[in-house]
1. From the convex hull of the Cα coordinates of the protein assembly as shown, what is the mean projected area in square nanometres?
2. Could you derive backbone 3J(HN,Hα) for region A:125-137 from the dihedral phi with the Karplus parameters 6.51, -1.76 and 1.60 (θ = phi - 60°), listing whole Hz in sequence and x where the residue is Gly or Pro?
3. Across chain B, what fraction of all alpha-carbon pairs, as a whole percent, falls in each successive 10 Å bin from zero upward?
4. Could you point to the residue in B:9, A:386, B:404 farthest towards the positive end of the protein assembly as shown's charge dipole, with +1 and -1 charges on the Cβ of Lys/Arg and Asp/Glu respectively?
5. Note down the nm distance, to one decimal, between modelled labels 7 Å out along Cα→Cβ at residue A:304 and at residue B:168.
6. Mean residue ellipticity at 222 nm from the helices of chain B, using -39,500 (n - 2.57) per DSSP H segment of n ≥ 4 over the full residue count, to the nearest 500 deg cm²/dmol?
7. Show me the ranking of peptides B:216-225, A:235-244, B:269-278 by mean Cβ neighbours inside 10 Å, starting with the highest.
8. So what is the orientation-averaged projected area of region B:111-244, using the convex hull of its C-alpha atoms, in nm²?
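Readers should treat all values here as calculations from the given coordinates under stated rules, not as data from a laboratory. Everything numeric here is computed off the predicted structure, so don't read it as measured data. Methodologically, a virtual Cβ is constructed for each residue, glycine included, from the backbone with ideal geometry; neighbour enumeration extends over all protein chains shown.
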Amino acid sequence: MDGMSMLMENEGMAVRPSLDGCIKCTICESACPYAAVTEHFPGPKTVGPQEERFRHGPLSADWSVDYCSGCGICSRVCPQDVRIAEINSRARAQLKEQRGIPLRDQLLARPDVMGRLGRPIRPLFNWAMGTPLVRVPLERILGIHRKAAIPKVAGRTFGQWARRHPVRPAQDRVVYFHGCSTNYFEPGLGRMVVAVLEHQGLAVEIPEQGCCGLPLQSNGNFPAARTYATRLARQLSSIPGDLPVIGSSTSCALMLKREAREILGVEDPALVDVSQRTYDIFEYLRDLHEQGRLKTDFVPVELTAAYHAPCQQQNQLIGKPALDVLALVPGLRLVELDRDCCGVGGTYGIKREKYEISMAVGDSLFSDIRRTAPDLVLCDSETCRWHIAKATGFPVIHPLELLHRAYGGH
Amino acid sequence: MITDALVIGAGTAGLTAGIRLARGGLRVTVVATGEGCLPLASGTIDVLGFAPDAVQSPLGALPGFLDAHPEHPYRISGLAGLEQSLAWFVKTAEPLGYQGDLSRNQWVPTVLGGLRPTALVPRSMAAADLGGGGEVLIAGIRGFRDFHPALLAANLGRAAAAPAPVIQTRAIELDWPGSAGDMPPFRLARRLEDPEIRRRLADQLRPQLGDATAVGLPAVLGRERAAEVHADLEHRLGRPVFEIPGLPPSLPGLRLFDCLRRALLDAGGRLLLGSTALSATHHHDTVGSVTITQASRPVEVSAGFYVLATGGFTTGGIIREPDGQLREPVFGLPVHGLAPGQEPFGDQYLAEHPLDRVGLTTDAQGRPLGTAGGPHAVNLYAAGAVLAGALPWREKSGEGLSLSTGWHAAEAIVGRRREDAA
């Protein structure tokens, strides 16, 4: 094996070699919503293709890559297809490996643990997260910004509901990948996803499932993230039949589709298999519609809804299928919010030192929402929903929730 | 995925075609590997600047130019089509206030202090036309690496060759109010949207104005609120202010990209960035689908019409294989302009290379020709720098040919749909 092919082999999906395609055109820098507002982040090209060449051996070039939120816009706008965000994600993990991961980041990186610990003491947890009496000391001690949106823990997990929900027999079957947030914080969303899929005449299989490892990955703990992603892929592929795996948490679906393989380099056969048959919920519904199989027995929904496509949804490169499907709903006035990032970046904007940056990045989106003054804001990613709702005061829901309503659901 | 029209490429040609098609009632998806040429472009609309001598009037020079270059892409839309497409563009990019016309080129400064001819400039460069001479103050920002006012001013003073009118220049440097880190243009632009920053810059500038009739600044005067930034600076200084575009990223180009992208979405079109068109399927004389990349698996997009606007050799629209073969990678179209065995590159970097003019040739509707001589497919069109026969960087014709061919392809498609419906 020659040097180059050995390098490719080790690189999995060839992230690092792609930096040779960089022509320093700066398109990524001018598109980066973070570099525009903070001097802490000099820009994706600078910390990516440029500094990557100096990252040899034990020492990273500098700290600034920690101020990348991992939104991935740089990779999407790059005309040379350089995997900029992926290079930076790996560099961040390397940095964390050298300097250690703070306790706060270890906690934020495990929403499943937060959910499991919070649930038995749910009233206390939910009260504590809503009062400055706790949030101010929490900021001082742990570095979780006092104003950052923290979701409320639900009483009954989605998993508990799913275990008692019989699979409705049908010829066409799908696997539902609900993710941690649906499980612990928004179980109602999961029930609506199941109802909408069953309404299409599908049998919905819901295997036991854990976290995809995305928050661990973005907080730089790659070894744990690899374990999580592999375990999840095996859980999802435990249902035989090569069924479509449908995700309603858009960033976690992207983790399965690409990031676990491309960034973490996981090549477990179960993950490779699942990544090829994972669909975002609206991607799947749009496919059904194009095949003439989507039910269109909608009741009119006389509302104005503004849709924000989050970064990780856009990184799936499937367009905006939520808009395509919701356009079928009579009475609904849809507004497309043409903004790339709300600023939260998963757990980025929760951190004390990054909260203000996060708010500055989201400012243009928040202004657009206030100007549009919709009845509802729609967004496919949970952390973005919580952040936007907290920042604007508008109700923010998953677009699937609105579709559920259009099918007459309550 | 299903759409009425799939446009491949998000540069000037692709976005133009996409907007025109969406406004014509088609469901349009514009797909591109990344943001196209616009973030790197000066934001001016060049139509014909050199042929090969400096062109004072594109309208006057174009008939002779087309006679001398029968293979030039301007032949596709013709002169009338070019004028229509420019009028359409000025209306579409209305928020940026483009001005000028084809009867007279404007001569605007480059960041090194040269003068270059262009047909249309945005409002922020309305006072940049120094073809008639003038007395200008060039103001830079201390520490901003991409703009050197003394160099610019000195060269500009020499740029207007005798007997052309004299340009008198002075150069100053301003201190940036507050820190902007290492001052990338996009961050300066954003900070300038703060009126307080503008007030402090204008306060430094005002005592230095002297007899200057206009003030030239680096092209960082805001992004979203550029109109407000520009108007406010002119108001504070009491005289015209113009931007001088420089090294990328280019704010005037980014603003144009923002504007066209918005126009596409407003017309109901979809923009899919980060996805690359890989290959196409054909059924007899029709393109059936194009396969594009997604996060995990490629997907086939079926459309009634396809517009190929992937750019030329420099942007991957045309590829040269290691064996020297030229190839159009998505549809496998034959590439014209280089004789078999002909050396593609000349000796001098800045000289004309035979490879510069290679590309696709089309029929009158803008459909690329296949190997058999007729159109490769009845529903495939091509526009922009992927077309053979032009030398945009030397002719200063890039935006003109992208606008005219993108617009023309869309007109042809909309016209055919109308015929089919009738």
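1. Details: hull surface 149.3 nm².
About 37.3 nm², averaged over all directions.
2. 4, 5, 5, 4, 6, x, 10, x, 4, 9, 5, 5, x
3. 5, 22, 29, 24, 14, 6, 1, 0
4. Selected residue: A:386.
5. A separation of 5.5 nm, rounded to one decimal place.
6. Numbers: 10 runs with 127 residues, N = 422.
It lands at -9500 deg cm²/dmol.
7. Details: B:216-225: 23.4, A:235-244: 15.8, B:269-278: 21.2.
The peptides rank, most packed first, as B:216-225, B:269-278, A:235-244.
8. Numbers: hull surface 29.9 nm².
The Cα convex hull of region B:111-244, projected and averaged over all directions, gives 7.5 nm².
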